[in-house]
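This report refers to the structure that appears directly beneath it.
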Amino acid sequence: MDFKDLPKAYDSQSVEADIYKRWEESGYFNPDRLPDRNQNGAPFCISMPPPNVTGVLHLGHAFENALMDTMIRFERMRGKKAVLVPGTDHAAIATQAKVEKMLIADGMQYPREELGREKLLDKIRTYAEESKTTIISQIRKVGTSCDWSRLAYTFDEERSLAVNTLFERMYNDGLIYRGYRVVNWSVKGQSTCSDDEIEHVERKAKFYTFKYSEDFPILIATTRPETKLGDTAVAVHPNDDRYKQYIGQIFSVDVGAAKPLNIKVIADEEVDSEFGTGALGVTPAHSAVDFAMYEKQKAKGNPIDIIQVIGEDGKMTAEAGEAYQGLTATEAREKFVTYLKDQGLLIKEEEIDQNVGTSDRYGDIIEAIPKLQWWLDVNKEIPGRKKSLRDLMRDAVTTGLDGDKSKLVTIIPENITKQYLDRIENLRDWCLSRQIWWGHRIPIWYKGEEAKFSIESPGEGWEQDSDTLDTWFSSGTWTFSTLGWPNETDDLKIYHPTSWMQMGFEIRYLWLMRMILTSTYIFNDIPFKDAYIHGVLRDKDGKKFSKSSGNGIDPIDIVNEYGSDALRISLLFGVSPGNDSRFYAEKVENGRNFTNKLWNISRFILTNNEERTSNDDSSESEVRSSRFEGRTLADKWILNRLDEVIASVTKKLETYQFSPAGEELRDFTWNDLADWYLEIAKVEKGKQEILMQILPTILKLWHPFMPFVTEFIWSQFNEDQLIVTEWPTSTLDADNQVSGEFEILRSLITDLRRLRAEQGIEPAKFVEYSIVADSDQSQLIGQNLEVIKALTRAESIAIADTIAEDWATDVSSTMTIGLNLSGAIDVDAEKVKLQKEIDALSPYIKSTEAKLSNSEFTSKAPEHVVVSMRSKLDEALKKVASLSARLSKM
RNA sequence: GCGCGUAUAGCUCAGCUGGUUAGAGUGUCACAUUGACAUUGUGAAGGUCCCUGGUUCGAGUCCAGGUACGCGCACCA
C-alpha cells in the first residue's frame with residue numbers, strides 16, 4: 001500500500017458504506033459470531049429503546065445511537081460477549097394519530113368511520129412498515145453496531161406472545177381488573193389515555209361563583225359550569241363552622257337538567273376551606289377527585305348519585321336536559337352561565353390562570369368521563385409474594401429486590417432516583433385499555449355476562465374486547481421479550497438482566513418504571529443494572545427541536561455532509577447525564593475537523609513508516625509486537641502520557657462519562673501528540689517504531705467514538721478488523737520526573753515563541769536566543785537543543801551568564817531568556833512589560849506568604865499542599881528577582 | 001403550594017470526596033501558510049465562578065437564605 005495515495009482530507013462519503021458492509025459481513029455484531037476471546041468473556045447486553053415507527057430517525061435517536069454504540073463497541077473490544085439488540089416500536093396512539101392526520105390532510109373527514117377497523121389498520125400497517133425500513137437503514141447509516149439478526153418489533157408475533165403472556169399472568173393473579181371509573185378521555189382521539197400521556201398547558205379561565213337556586217344555602221365556585229348539571233353533592237370541610245349545620249342534608253334543585261338534582265351536603269377532609277367559597281360542587285362523573293369522593297361515600301354506606309352529562313363525543317347528553325343535549329361543552333357553558341345570570345344566581349365572575357390537561361398526541365383538552373376499563377392494580381399484594389407492584393418498583397431502586405444488592409437498578413444521575421420514588425408514592429392504578437385500533441387487542445373474550453382470557457377465539461358466540469392495550473404495556477416487556485421470553489431461550493439466560501440502559505429524561509416514568517414493574521413481576525429481577533438518563537437536545541438558542549418550530553435537523557443530512565463520526569462526537573461532547581444539551585453546526589464542524597486531524601496524523605505516521613520500512617526488512621508485526629522504550633525525553637513523555645490516557649479513558653467509559661472521556665482523548669491526540677510530539681519527531685527522526693506503537697493505540701481508543709474513520713485507517717495496515725481488536729491496557733507506571741522535565745521544556749519553548757511574537761518577529765525568521773540557566777537546566781537544554789531550535793525557529797541558542805542589555809527578555813520557569821533584537825529594542829516598552837509582570841505576581845506572593853506564615857494553615861493543611869505551595873512561592877520569588885534585576889539594569 | 005434541576009470567559013460547557021495564580025472547545029484579535037493537515041500552525045486578549053450571610057487555616061466546590069431561568073407533580077371547587 002502506498003500511503004501517499006491517501007487523499008489529503010478524509011472523505012467520509014467514500015468509505016462509510018463499505019466499512020459498515022464489512023462489519024456486517026464479518027458477523028461481529030452478532031455475539032455468537034464473535035472471536036473466541038469474546039465467547040469466553042462476560043455477557044454485555046443493551047436493549048435499544050425502539051424508535052417509534054412514526055416516520056424517520058431524528059437527532060435524538062442519533063444521539064442515543066451514539067451513546068449505545070460507543071458503549072457496546074467499548075465492551076466488545078474489552079472482550080465481552082457484547083450485543084446491542086435493535087428494534088422498533090409500533091407506538092400505538094402515536095402512529096394511529098399520525099396516519100389519521102395524514103388521511104385527514106388528504107381530504108378524509110372521519111377516517112375511522114369511513115374506512116372501518118380493518119382498512120384503517122391496513123393503512124397504518126403499510127405506513128409503519130415503510131417507516132421501519134427507513135429507520136433501520138438510518139440506524140445503519142450512523143454506524144450502530146447492533147445485531148440485526150435479533151431485530152425485534154413491539155408488534156411482531158414473538159412480542160405479541162410476550163404481551164399476551166404477561167397479561168394472562170397478571171390477570172390470573174388478580175392484578176388486572178375491569179372497573180368503572182373516571183378516565184382521561186380525548187374526544188379527538190376517541191380514546192382514553194394514561195396520566196403520563198397528558199401535557200399540562202397554562203391558560204386563562206373564568207372562575208364563576210354561583211348558587212344552584214335562590215334558597216340554596218351554600219355558594220359554589222367553578223371553571224366548568226356546564227358540568228354542574230351533573231352535580232350530586234356539595235362537599236365541605238367537616239370543621240368548617242359556616243357549613244357544619246348543613247352536612248347530611250339533601251336539597252332538591254332544578255337547574256334545567258333532565259331531572260331536578262338531589263344535592264347532598266357531605267363532609268370531606270380533602271376540601272380546602274380557604275379556596276373559593278370553601279365548598280366544592282361534586283360532579284362524580286366528570287372529575288377524578290369528585291369520583292373518589294363518590295366512592296368514599298359509597299364505602300361509608302352514604303352514597304351519592306352519579307350523572308354523566310358529557311358524552312364520549314364531547315357533547316352534552318340527554319341527562320343534561322333537553323335544552324343542553326347535543327351542545328358542545330363550550331356552548332353549554334355559555335348557555336348555563338346566561339341562565340344563572342338571568343336567574344340572579346351568578347354571584348361573581350373572575351379571570352384566573354389554570355392548567356388544563358391536553359392529549360400529548362391529539363392536542364385536545366382531556367375530558368374526565370366515567371368508563372368501564374381494564375386496570376392494573378399497583379397496590380394489591382401479588383399472590384405468594386407479600387408485595388405489591390408498587391413495593392417491587394420501590395425496592396428495585398432502593399434496597400435491591402429482597403434486599404439483594406445485585407438486584408438493584410442504579411439510576412444515573414443519582415437525583416433522578418428521588419423523582420422516581422416520589423412518583424412511585426403517588427402512583428395510581430394504570431388504565432390499560434385504549435379505544436384506538438392500532439395495538440395489541442385486549443386478550444379477553446365475552447359471551448353474555450361471561451368474560452375470559454384467551455388469545456384465540458374460545459369458540460362460537462364469543463366476542464373479543466374491542467379495545468387495545470396501552471403501548472407502554474408492550475414496551476414494559478422490551479428487555480426480555482427481545483430475548484425470546486416467554487420461551488426459555490439461551491439469550492434470556494445469558495443476557496437478562498441486561499447490562500445498561502439509556503433513555504431520555506422525558507420517558508423516565510412512562511418507560512423506566514414500566515420496565516422495572518414488568519421485570520420484577522415476571523422474574524423477581526431487575527431489567528437492567530444501570531439506567532443512564534439523558535436530557536434532550538436543544539438548538540443554539542435553547543429551544544427544543546421540533547417540526548412545528550422549524551428548527552429540525554435531519555441527522556442523515558449531517559452524515560452526508562460531515563460524516564457519521566463527526567456527527568457522533570459532536571453529539572457526545574459537551575453533554576452530561578440528566579441535563580439538556582445544545583446542538584449546532586459549529587459543533588459538527590469541530591467534529592469534522594477533528595476527524596480530519598486524526599486522518600492526517602495517521603497519514604503522516606504511515607507515510608513516515610513507509611519510508612523507513614522500504615529500506616528496512618523488519619516486518620510490521622515485529623515493530624508492533626514489543627513495547628518500545630523511548631530514547632529521548634519526548635519519547636518517554638509521550639509514552640507516559642499515552643499510558644495515563646489509556647487508564648483515564650477506560651475509567652471514564654466504565655462510568656459512562658462519554659464527554660469527559662472523548663474530550664481527554666481529543667486533547668491528547670491534538671495537543672500532545674500532533675502539536676508537540678509529531679513536531680518533535682520531525683526533528684529527532686527515527687521515530688517509526690514508537691509512532692507505529694502509538695497509532696494503533698489511539699485508533700483503538702477512538703474506535704468506540706468514531707468507528708468509521710478509525711476502522712478505515714486501521715484497514716490500511718492490518719488484515720484483521722479494528723472492531724474486535726483488544727482494548728489497550730495501561731501499565732500505570734507513569735514517571736513523574738519525565739513529565740516534570742518535559743513540562744519545563746514545553747514552557748521554555750512556548751515562552752521563547754511568545755518573546756518573539758511579542759516583538760512582532762515574523763514566524764519564518766531565524767533569531768538568536770540566549771538563556772541564563774543553572775546546571776540542571778543547561779543540561780536539559782543541551783540534550784534537547786535541536787528540538788528547541790527547530791520549534792522556536794532559532795539560529796542559535798546560547799547559555800549565558802547574563803542577557804545583553806539591548807535584547808528583549810522574559811523569565812521562563814526560573815530561567816531568564818533573551819532574544820537578540822539587533823539593537824531595535826524599545827526600552828520603555830520593555831520596562832513597562834517587565835514591571836507589569838512583577839506587578840502581576842505580587843498579590844500571589846503576598847497571599848501565599850501570608851498563608852505559609854499562618855501556623856493554623858501549616859499545622860492543619862496536609863503536607864503535600866504546604867510543600868507544593870512553598871515550592872511555587874519559591875519559583876515566583878525567583879522569577880520576580882530575575883525580572884527586577886533586569887529592570888534595574890535598564 | 002410541594003419537589004427537582006441549572007447559574008463559571010462573548011457563546012457552549014468541564015471542574016471528583018473543599019487545597020495550583022479557575023480550565024477546554026468555539027468565537028475574537030495579530031502573525032504565518034508549497035512542508036501530514038487552511039478541515040492548519042504560532043501567539044494574544046477574555047472571568048466579582050448569580051447575590052448575601054455562615055462553616056473552615058482555606059470555598060467555584062460545603063451549609064442557610066435570596067434572585068433568575070428551566071422542568072416535574074398537585075390544585076384547577
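The values are calculated or read from the model by the stated rules, or taken from the named source; none is laboratory data. None of the values given here were measured: they were computed from a predicted structure. All Cβ positions, glycine included, derive from the backbone under ideal geometry; neighbour counts span all protein chains shown. Remember, those area values only see protein heavy atoms, side chains included, never the ligands or the DNA or RNA. Shrake-Rupley method; radii C 1.70, N 1.55, O 1.52, S 1.80 Å.
Specify which of the listed residues (A:667, A:675) is under 22 Å from residue A:607 (Cα atoms), near RNA strand B (Cβ under 9 Å from one of its atoms) and without any contact (Cβ under 8 Å) to a residue 40 or more places away in the chain.
That would be A:675, the only listed residue that is under 22 Å from residue A:607 (Cα atoms), near RNA strand B (Cβ under 9 Å from one of its atoms) and without any contact (Cβ under 8 Å) to a residue 40 or more places away in the chain.
Quick one: in the stretch A:344-396, of everything that is outside any strand (DSSP E or B) and of a type in the set (Gly, Ala, Ser), which residue is farthest from residue A:406 (Cα to Cα)?
A:344
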So residue A:601 fits all but one of (1) surrounded by fewer than 20 Cβ atoms within 10 Å (Cβ to Cβ); (2) within 8 Å of RNA strand B (Cβ to nearest atom); (3) part of a helix (DSSP H, G or I); what number is the exception? (1)
Could you tell me whether any residue of the stretch A:541-550 is in contact (Cβ under 8 Å) with a residue 12 or more places away in the chain, open to solvent by 10 Å² or more (accessible area, probe 1.4 Å), more than 30 Å from residue A:382 (Cα to Cα) and not β-branched (Val, Ile, Thr)? yes
Residue under question is residue A:338, and the condition is that it be over 44 Å from the mean Cα position of the chain (by Cα), surrounded by fewer than 15 Cβ atoms within 10 Å (Cβ to Cβ) and not in a loop (DSSP other than H, G, I, E, B); does it hold? yes
Can you tell me which of A:250, A:263 is open to solvent by 50 Å² or more (accessible area, probe 1.4 Å) and over 44 Å from the mean Cα position of the chain (by Cα)? A:250
Matching entry among A:762, A:758 (being surrounded by fewer than 16 Cβ atoms within 10 Å (Cβ to Cβ) and touching a residue at least 60 places away in the same chain (Cβ under 8 Å)): A:758
Filtered residue count, the stretch A:275-286, keeping only those that are more than 8 Å from RNA strand B (Cβ to nearest atom) and either open to solvent by 50 Å² or more (accessible area, probe 1.4 Å) or of a type outside the set (Val, Ile, Thr) (or both): 3
The stretch A:758-775: number of residues that are under 23 Å from residue A:634 (Cβ atoms) and either under 52 Å from the mean Cα position of the chain (by Cα) or near RNA strand B (Cβ under 9 Å from one of its atoms) (or both): 1
Which ones in the stretch A:1-41 are of a type in the set (Ser, Thr, Tyr) and surrounded by 13 or more Cβ atoms within 10 Å (Cβ to Cβ)? A:10, A:12, A:20, A:26, A:28
Unique residue being within 12 Å of RNA strand B (Cβ to nearest atom), more than 22 Å from residue A:774 (Cα to Cα) and in contact with a Phe, Trp or Tyr (Cβ under 7 Å, 6 or more places away or on another chain) when the list is A:860, A:851: A:851
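With the requirement that a residue be within 16 Å of RNA strand B (Cβ to nearest atom) and not in a strand (DSSP E or B), what does the stretch A:516-543 give you?
Passing the criteria: A:535, A:536, A:539, A:540, A:541, A:542, A:543.
Yes/no per residue for (1) touching a Lys or Arg at 6+ places or on another chain (Cβ under 8 Å); (2) open to solvent by 50 Å² or more (accessible area, probe 1.4 Å); (3) of a type in the set (Phe, Trp, Tyr):
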| residue | (1), (2), (3) |
| --- | --- |
| A:369 | no, no, no |
| A:372 | yes, yes, no |
| A:376 | no, no, no |
| A:390 | no, no, no |
| A:395 | yes, no, no |
Determine which single condition residue A:88 fails, assuming it passes every other condition in (1) touching a Leu at 6+ places or on another chain (Cβ under 9 Å); (2) in a helix (DSSP H, G or I); (3) not hydrophobic (A, V, I, L, M, F, W, C). (2)
Matching residues, the stretch A:352-370, being more than 12 Å from RNA strand B (Cβ to nearest atom) and either more than 37 Å from the chain's Cα centre (by Cα) or at pLDDT below 90 (or both): A:359, A:361, A:362, A:363, A:364, A:370
Determine which member of the set A:436, A:424, A:416 is within 30 Å of residue A:128 (Cα to Cα) and either assigned to a loop (DSSP other than H, G, I, E, B) or within 16 Å of RNA strand B (Cβ to nearest atom) (or both). A:436
Check whether at least one residue in the stretch A:193-209 is of a type in the set (A, V, I, L, M, F, W, C), within 8 Å of RNA strand B (Cβ to nearest atom), surrounded by fewer than 23 Cβ atoms within 10 Å (Cβ to Cβ) and closer than 30 Å to residue A:514 by Cα, and report yes or no. yes
Out of A:438, A:478, A:500, which single residue is touching a Ser or Thr at 6+ places or on another chain (Cβ under 6 Å), among the hydrophobic types (A, V, I, L, M, F, W, C) and under 24 Å from residue A:656 (Cβ atoms)? A:478
Answer with yes or no whether residue A:125 is in contact with a Phe, Trp or Tyr (Cβ under 9 Å, 6 or more places away or on another chain), surrounded by fewer than 22 Cβ atoms within 10 Å (Cβ to Cβ) and modelled with pLDDT of 95 or more. yes
Condition first: more than 19 Å from residue A:671 (Cβ to Cβ), near RNA strand B (Cβ under 7 Å from one of its atoms) and open to solvent by less than 20 Å² (accessible area, probe 1.4 Å). Now tell me which residues in the stretch A:579-598 satisfy that. A:581
So, residue A:876, is that one within 8 Å of RNA strand B (Cβ to nearest atom), more than 44 Å from the chain's Cα centre (by Cα), of a type in the set (Gly, Ala, Ser) and within 30 Å of residue A:808 (Cα to Cα) or not? yes
Filter result for the condition that a residue is in a helix (DSSP H, G or I), surrounded by fewer than 16 Cβ atoms within 10 Å (Cβ to Cβ), out of contact with any His (no Cβ under 8 Å at 6 or more places or on another chain) and touching a residue at least 24 places away in the same chain (Cβ under 8 Å), over A:831, A:846, A:879, A:836: A:831
Can you pull out the residues in the stretch A:879-890 that are away from RNA strand B (no atom under 13 Å from the Cβ), under 14 Å from residue A:839 (Cα atoms) and aliphatic (A, V, I, L, M)? A:881, A:887
Those residues of the stretch A:42-75 which are more than 25 Å from residue A:493 (Cβ to Cβ) and open to solvent by 20 Å² or more (accessible area, probe 1.4 Å), in sequence order: A:52, A:54, A:56, A:58, A:60, A:61, A:64
If you take the residues in the stretch A:863-873 that are within 9 Å of RNA strand B (Cβ to nearest atom) and either over 46 Å from the mean Cα position of the chain (by Cα) or open to solvent by 70 Å² or more (accessible area, probe 1.4 Å) (or both), which one is nearest to residue A:823 (Cα to Cα)? A:872
Output the residue which, of all residues in the stretch A:469-512 that are open to solvent by 10 Å² or more (accessible area, probe 1.4 Å) and in contact with a Phe, Trp or Tyr (Cβ under 8 Å, 6 or more places away or on another chain), is farthest from RNA strand B (Cβ to nearest atom). A:492
